[in-house]
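A.B. asks: Here it is, the structure in full.
The values are calculated or read from the model by the stated rules, or taken from the named source; none is laboratory data. Remember, it's a predicted structure, so these values are computed and weren't measured experimentally. As a convention, Cβ positions derive from the backbone with ideal geometry for all residues, glycine included, and neighbour counts pool all protein chains shown.
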Amino acid sequence: MSGQNGTTPPSPHPAKVNWADKRIFTTGEAADVCKVSQQTIIRCFDSGRLGGFRVPGSKFRRIPRADLIKFMHDNDIPTGVIEAGPRRVLVVDDDPQIVEMFQDLLSKDESIQVRSAATGYDAGLLTESFRPHLIILDYMLPDINGNIVCKRLREREEFKDTRIVFVSGVVDAKEIEQLMAAGADEFIRKPFDVTHLMSRVKELLAA
């Protein structure tokens, strides 16, 4: 139905925005997601509490997804609305049986999507395209040690919130300390207790 000037009036029930697909947010959008005023978002941005950047040549503020999620975590704001959708897990291991086990276990949960890689190189490519929320990473890969993969991820701002779980059966206590220092969130020794492993994975995905 058209209005008096021949245009179609706006719907009284606008389509719901899928925040999970957005990569960059305006201050107004960030306010909607956080359920606070736009002025609050602007004050937090200007004070440095909320990361982001200004559009060149303008005063417009823009907030990358990772910065908004960090701000929400720091202020105990639920992130469900922005992180809705399947949780993505990347399994990196050159043992086909281990990969198959993880795929079988994780795929039973309809809220989880699983991909796998057998080398550090393939893991890097998949991390860029798949954007996993969590990576299950074998320490001893054919082409590179997992701790190097971990360090490289932690050097990238867009992957700073990606959870990393190391699995290995050939490291000592000192090496485990080095893995955690490289930015790992958890280390689980092989052979592992499947119940404990899955419980920890789900805890990290929900964090």
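A.B. asks: From the list Asp46, Asp67, Asp76, exactly one residue is charged (D, E, K, R) and farther than 19 Å from Ile24 by Cβ. Which is it?
C.D. replies: Asp76
A.B. asks: Could you tell me whether Asp138 is of a type in the set (D, E, K, R) and crowded, with 19+ Cβ neighbours inside 10 Å?
C.D. replies: Yes, satisfied.
A.B. asks: Output the residues belonging to the stretch 88-115 that are among the basic types (Lys, Arg) and either in contact (Cβ under 8 Å) with a residue 40 or more places away in the chain or under 18 Å from Glu158 (Cβ atoms) (or both).
C.D. replies: Arg88, Arg115
A.B. asks: Output the residues belonging to the stretch 176-196 that are outside any loop (DSSP other than H, G, I, E, B) and free of Cβ contacts under 8 Å to residues at least 60 places away in the same chain.
C.D. replies: Ile176, Glu177, Gln178, Leu179, Met180, Ala181, Glu186, Phe187, Ile188, Arg189, Thr195, His196
A.B. asks: Right, another one. Picking from Leu137, Leu204, which residue would you name as being within 17 Å of Thr119 (Cβ to Cβ) and of a type in the set (A, V, I, L, M)?
C.D. replies: Leu137
A.B. asks: Could you tell me whether any residue of the stretch 146-165 is farther than 28 Å from Ile63 by Cβ, of a type outside the set (Ser, Thr, Tyr) and in a loop (DSSP other than H, G, I, E, B)?
C.D. replies: no
A.B. asks: Can you work out which of the residues in the stretch 72-87 that are touching a residue at least 40 places away in the same chain (Cβ under 8 Å) and surrounded by 18 or more Cβ atoms within 10 Å (Cβ to Cβ) is nearest to Leu153 (Cα to Cα)?
C.D. replies: Of everything passing the filter in the stretch 72-87, Arg87 is nearest to Leu153 (Cα to Cα).
A.B. asks: In the stretch 181-207, which residues are farther than 22 Å from Glu100 by Cβ, surrounded by 15 or more Cβ atoms within 10 Å (Cβ to Cβ) and aliphatic (A, V, I, L, M)?
C.D. replies: Listed by number, the residues that qualify are Ala182, Ala184.
A.B. asks: Tell me, which residue of the stretch 106-132 that is buried (at least 16 other Cβ atoms within 10 Å of the Cβ), within 16 Å of Leu204 (Cα to Cα) and out of contact with any helix residue (DSSP H, G or I) (no Cβ under 6 Å at 6 or more places or on another chain) is modelled with the lowest pLDDT?
C.D. replies: Among those that are buried (at least 16 other Cβ atoms within 10 Å of the Cβ), within 16 Å of Leu204 (Cα to Cα) and out of contact with any helix residue (DSSP H, G or I) (no Cβ under 6 Å at 6 or more places or on another chain), it is Asp109.
A.B. asks: Within the stretch 70-101, count every residue that is assigned to a helix (DSSP H, G or I) and closer than 28 Å to Tyr121 by Cβ.
C.D. replies: Within the stretch 70-101, residues that are assigned to a helix (DSSP H, G or I) and closer than 28 Å to Tyr121 by Cβ number 6.
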